[in-house]
Amino acid sequence: MKKIVIIDGGPRKTFNTASILEKIAEGAASAGSIIEVKTVRLYSLDYKGCMSCMACKIKDRASNICKFKDALTPVLEEIAEADGLVLGSPIYFGDVTGQMRTFLERLAFPWLSYNDYSITAAKRMPVLLVETMNGTPERNNSNGYGSMEHCIAQALGDPERLTAYNTYQVKDYSRYELAGFSEEAKRQYRDNHWEQDLQQAYDAGRRMAERILNINI
Ligand SMILES: Cc1cc2nc3c(=O)[nH]c(=O)nc-3n(C[C@H](O)[C@H](O)[C@H](O)COP(=O)(O)O)c2cc1C
């Protein structure tokens, strides 16, 4: 059995990020029953960012998996043994959500060696980084996964990226103080792009699963 872990770093269980991640899961699962897909919702877990306890860097007992114990511990252990990783987040003020960033501190700090500054995970694997946002390809303020992207690329391998732009932020714009957005323009963009975004998500999930299966043939 091969496992893909999907980390949902958004708070809304049925909106844009969750829908894209669900399609990725569907695509991955379509590659065959040998692929298990597990989705973890960070907002359902009670956890901290890196506590700077330095337990991962104790002499002769250094670990590239975080040693701090809380609700994130089993997730980090599962990722270390996984065959593929998908991270998804809405963009908040130009970055991934605080929950995603907090999770990434715990994931990546144990990878970093202060002996030689190498960045090494327990295992390399395909990675997909997903962002959803109000911005458009022409106009967006997203810094995406920021400096964490370099750590991820070094530790796990070059990530694939998938972005859903100009998403619907609410179901009915007329009920909110959102005059800065034209609902008509949003609707038009969604009509032209959303199904395509979902299809790309499905394809990316399938591609990841096929890559995992091919690697291990
Ligand atoms: C607190 C907050 C900050 C946001 N900041 C940005 C931003 O800086 N840039 C952007 O393009 N969209 C921004 N957005 C819009 C969301 O990224 C976008 O609606 C996203 O698709 C929401 O994902 P969800 O539907 O999965 O919750 C922000 C939304 C919220 C709630």
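What the table below lists for this structure:
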{"item": "Residues of the range 119-136 satisfying the condition of being part of a loop (DSSP other than H, G, I, E, B), open to solvent by less than 40 Å² (accessible area, probe 1.4 Å) and hydroxyl-bearing (Ser, Thr, Tyr)", "result": "Thr136"}
{"item": "Sole exception among (1) out of contact with any helix residue (DSSP H, G or I) (no Cβ under 8 Å at 6 or more places or on another chain); (2) aromatic (Phe, Trp, Tyr); (3) farther than 29 Å from Met133 by Cα for Phe15, by number", "result": "(3)"}
{"item": "Any chance Glu78 is of a type in the set (Asp, Glu) and closer than 24 Å to Arg124 by Cβ", "result": "yes"}
{"item": "Selection from the range 151-180 of residues that are of a type outside the set (Ser, Thr, Tyr), open to solvent by 70 Å² or more (accessible area, probe 1.4 Å) and farther than 23 Å from Ala121 by Cα", "result": "Gln169, Lys171, Arg175, Glu177, Ala179, Gly180"}
{"item": "Elements of type strands (runs of 3 or more DSSP E) contained in the range 1-112, each with 3 or more residues being touching a residue at least 12 places away in the same chain (Cβ under 8 Å) and surrounded by fewer than 19 Cβ atoms within 10 Å (Cβ to Cβ)", "result": "35-41"}
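The values are calculated or read from the model by the stated rules, or taken from the named source; none is laboratory data. Keep in mind that what you see is a predicted model, and the values were worked out from it rather than measured. Heads up, the Cβs are rebuilt from the backbone with ideal geometry, glycines too, and the neighbour counts pull from every protein chain shown. The area values use the complete protein model at the heavy-atom level, side chains included, leaving out ligands, DNA and RNA. Shrake-Rupley method; radii C 1.70, N 1.55, O 1.52, S 1.80 Å.
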